[in-house]
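The values are calculated or read from the model by the stated rules, or taken from the named source; none is laboratory data. Computed from a prediction, not measured in an experiment: that's the story for all the values here. Neighbour counts are summed over all protein chains in view; Cβ atoms, including those assigned to glycine, are modelled from backbone coordinates with ideal geometry.
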Amino acid sequence: MCLLAASRSYTEKHGRPASISALGTHRIIELVDEIEKLPAAEWLRANAPNARVAARCGNIPSAHLAVKSGAGIATLPYVYAASDADLVCIAGPIPELDYPMYLLVHKDMGKVRRVSAFFDFCSRELKTVLLSGKMRVG
């Protein structure tokens with residue numbers, strides 16, 4: 001799940017886009033290299049084709065830092081944006097960017113104790129982390 005995020009300092013200086021179609025009047029953080037084919041990268045390029053590219057980032061942590069620094073607006077995974085008090089949600093979560101995640105293992109490996117413990121952990125915690133950006137404590 002992704003959302004469109006900017007830093008508080010960016011929105012104080014440049015305002016917020018009034019709509020998705022107004023993204024072209026703002027600076028964006030473009031996702032490139034290995035992640036340029038991600039749905040979030042393609043969505044931002046399609047919805048802000050004429051926007052000024054303030055930075056190009058080849059991984060999500062660097063895009064997160066670019067947004068946090070006030071460089072521009074980017075699509076970020078909910079888990080990054082929701083857990084950062086310096087960021088504001090411009091739009092989202094964006095339904096078009098909600099895609100399934102799969103965790104696969106060979107059927108024989110599922111019987112291995114440490115593997116099944118990992119699967120149990122993921123099924124219990126992963127959805128919470130992705131939706132809220134926070135791990136449960138305890």
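The residues listed here are V105, V137; of these, the one that is modelled with pLDDT of 80 or more, in a loop (DSSP other than H, G, I, E, B) and not assigned by TED's automatic domain parsing to the domain that holds R8 is V105.
Please count how many residues of segment 81-98 are part of a helix (DSSP H, G or I) and among the charged types (D, E, K, R). Outline the logic, then answer.
From segment 81-98, those part of a helix (DSSP H, G or I) are 81-82, 95-97; that's our starting set.
Checking which are among the charged types (D, E, K, R) leaves us with 96.
The total comes to 1.
Determine whether segment 45-63 contains at least one residue that is among the basic types (K, R) and either touching a Cys at 6+ places or on another chain (Cβ under 9 Å) or outside any helix (DSSP H, G or I) (or both). There is at least one residue in segment 45-63 that is among the basic types (K, R) and either touching a Cys at 6+ places or on another chain (Cβ under 9 Å) or outside any helix (DSSP H, G or I) (or both).
Looking at P17, P39 in this structure, which one is crowded, with 20+ Cβ neighbours inside 10 Å and touching a residue at least 60 places away in the same chain (Cβ under 8 Å)?
None of the others qualify; the one that does is P17.
Counting only residues that are over 19 Å from G70 (Cα atoms) and part of a helix (DSSP H, G or I), segment 21-40 holds 6 of them. Take R56 and tell me if it is crowded, with 18+ Cβ neighbours inside 10 Å, touching a strand residue (DSSP E or B) at 6+ places or on another chain (Cβ under 9 Å) and at pLDDT 95 or above. So R56 does not fit the description; no. For segment 31-42, the set of residues classified as under 13 Å from L97 (Cα atoms) and over 12 Å from the mean Cα position of the chain (by Cα) consists of K37, E42, listed by residue number. Among the residues of segment 85-125, the ones that are surrounded by 12 or more Cβ atoms within 10 Å (Cβ to Cβ) and more than 30 Å from R16 (Cα to Cα) come to 9 in all.
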